[in-house]
Amino acid sequence: AGTEGPLQVQRVDATSATAERDRYALEQDLRGALHNNEFELRYQPQIDAASGRVIGAEALLRWHNPMRGMVSPGLFIPVLESAGLIEEVGLWVLNAACREARSWHRLGQGPLTVAVNVSAHQLDRPDIHTLIKRTLERHSLRAGLLEIELTESAAAADVGRAERLFETLHGLGIHIAIDDFGTGFSSLSALRVLAFDKIKIDRQFVTEVEHRRDSQAICQSIIALARGLGIRVLAEGVERQEEYLWLRRHGCSEFQGYYFSPPLGGTEFQSFVCNSAPL
Ligand code: C2E
Ligand code: CA
Ligand code: CA
Ligand code: CA
């Protein structure tokens, strides 16, 4: 084994050097992506079980690069964040989502909201609320139709600032959802300090919930928590009818996941809304 020592070191170095080069190349490609129109948004329908209607969609970013093909957001969003590009791309997302949502007027059987993911880095900007307000105005979108999705870690980075930002956004009429709920380490204190309007139950608790006692206990607690706080709760990543029925039976009324629909292009989303009969 001793003779493998130096070899091992060499290989690790080579690997990390390659990884570094790959990452750098990815970053360079991402720098050109906005300019080259390589980003687009998909819209995943959100359904209210009580009315059986589509109530809105979550906007999800897609990157299509001519050389790389479709790259997963799980891969490129962390790079956008660390390269300091997420602010600019995030603003592009917000703008595109608001423009799209404006075109949904009179489409649904009720108002359709658009939910936009916002990274911690975007909250660092002192004028973030002004940017959001201007974007709404530019597209004449009613603030009540925009929802911001934040993870608890994004909100917890600077709680004092987040508190003030929430007040400003609420003043405008914008709703704020806590994303991936239960996956961080400060979920409960985040809920106590910050006035979230909605909890999104993370997919990991939804998967096979109908026969997993641990997930059942967690989902029931989150649903009770939302009820106690007087806020809404949505289950995400619902893939199977059994999951949907179990959650509905236990008091969850908003849903999102492949069981209902994958994320769709703008036109497809509009057809989905028009064609979807109540559940
Ligand atoms: P997220 O906010 O938790 O979004 C939900 C993810 O679950 C999406 O992955 C969606 O396509 C996927 N999904 C939806 N239904 C199902 C299902 O039934 N089963 C399974 N297995 N997956 C489902 P996606 O689009 O790959 O996005 C991954 C993450 O990237 C998002 O997780 C979000 O954190 C981030 N992201 C996406 N778009 C944006 C954006 O515009 N800005 C920022 N800051 N982050 C974004
Ligand atoms: Ca989200
Ligand atoms: Ca989520
Ligand atoms: Ca997630």
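The values are calculated or read from the model by the stated rules, or taken from the named source; none is laboratory data. Note that this is a predicted model, so its numbers are computed, not measured. Backbone-built Cβ (ideal geometry, glycine too); neighbour counts: all protein chains shown. Accessible surface areas use protein heavy atoms only, side chains included; no ligands, DNA or RNA. Shrake-Rupley method; radii C 1.70, N 1.55, O 1.52, S 1.80 Å.
Annotation: of all residues in the stretch 107-134 being modelled with pLDDT of 95 or more and closer than 24 Å to residue 268 by Cβ, the one that is nearest to ligand 4 (Cβ to nearest atom) is 117. If you go through the stretch 89-106 and keep only what is charged (D, E, K, R) and open to solvent by less than 60 Å² (accessible area, probe 1.4 Å), you end up with just 100.
Where strands (runs of 3 or more DSSP E) sit wholly within the stretch 10-84, those with at least 3 residues that are within 16 Å of ligand 4 (Cβ to nearest atom) occupy 39-48, 53-65.
Do we find that residue 86 is within 9 Å of ligand 1 (Cβ to nearest atom) and either out of contact with any Pro (no Cβ under 7 Å at 6 or more places or on another chain) or open to solvent by 60 Å² or more (accessible area, probe 1.4 Å) (or both) in this structure?
Yes; evaluated as a whole, the condition is true for this residue.
Before we move on, is residue 195 touching a residue at least 12 places away in the same chain (Cβ under 8 Å) and either within 15 Å of the chain's Cα centre (by Cα) or in a loop (DSSP other than H, G, I, E, B) (or both)? The answer is yes for residue 195.
A single entry from 240, 232 fulfils the requirement of being modelled with pLDDT of 95 or more, away from ligand 4 (no atom under 16 Å from the Cβ) and open to solvent by 80 Å² or more (accessible area, probe 1.4 Å): 232.
Restricting the stretch 138-186 to residues that are of a type in the set (A, V, I, L, M, F, W, C) and assigned to a loop (DSSP other than H, G, I, E, B) leaves a set whose member that is nearest to residue 203 (Cα to Cα) is 185. Can you spot a residue in the stretch 203-222 that is of a type in the set (D, E, K, R), surrounded by 20 or more Cβ atoms within 10 Å (Cβ to Cβ) and within 16 Å of ligand 3 (Cβ to nearest atom)? No, because not a single residue in the stretch 203-222 is of a type in the set (D, E, K, R), surrounded by 20 or more Cβ atoms within 10 Å (Cβ to Cβ) and within 16 Å of ligand 3 (Cβ to nearest atom). Counting only residues that are within 26 Å of residue 174 (Cα to Cα) and out of contact with any Ser or Thr (no Cβ under 6 Å at 6 or more places or on another chain), the stretch 186-218 holds 17 of them.
Filtering 190, 226 for residues that are surrounded by 14 or more Cβ atoms within 10 Å (Cβ to Cβ) and either under 16 Å from the mean Cα position of the chain (by Cα) or farther than 23 Å from residue 74 by Cβ (or both) leaves a single hit, 226.
When you scan the stretch 18-77, how many residues do you find that are within 17 Å of the chain's Cα centre (by Cα) and of a type in the set (Ser, Thr, Tyr)? Matching residues across the stretch 18-77 total 2.
Do you know which residues across the stretch 170-186 are in contact with a strand residue (DSSP E or B) (Cβ under 6 Å, 6 or more places away or on another chain) and either acidic (Asp, Glu) or open to solvent by less than 60 Å² (accessible area, probe 1.4 Å) (or both)? Within the stretch 170-186, 174, 176, 177, 178, 179, 180, 181 qualify.
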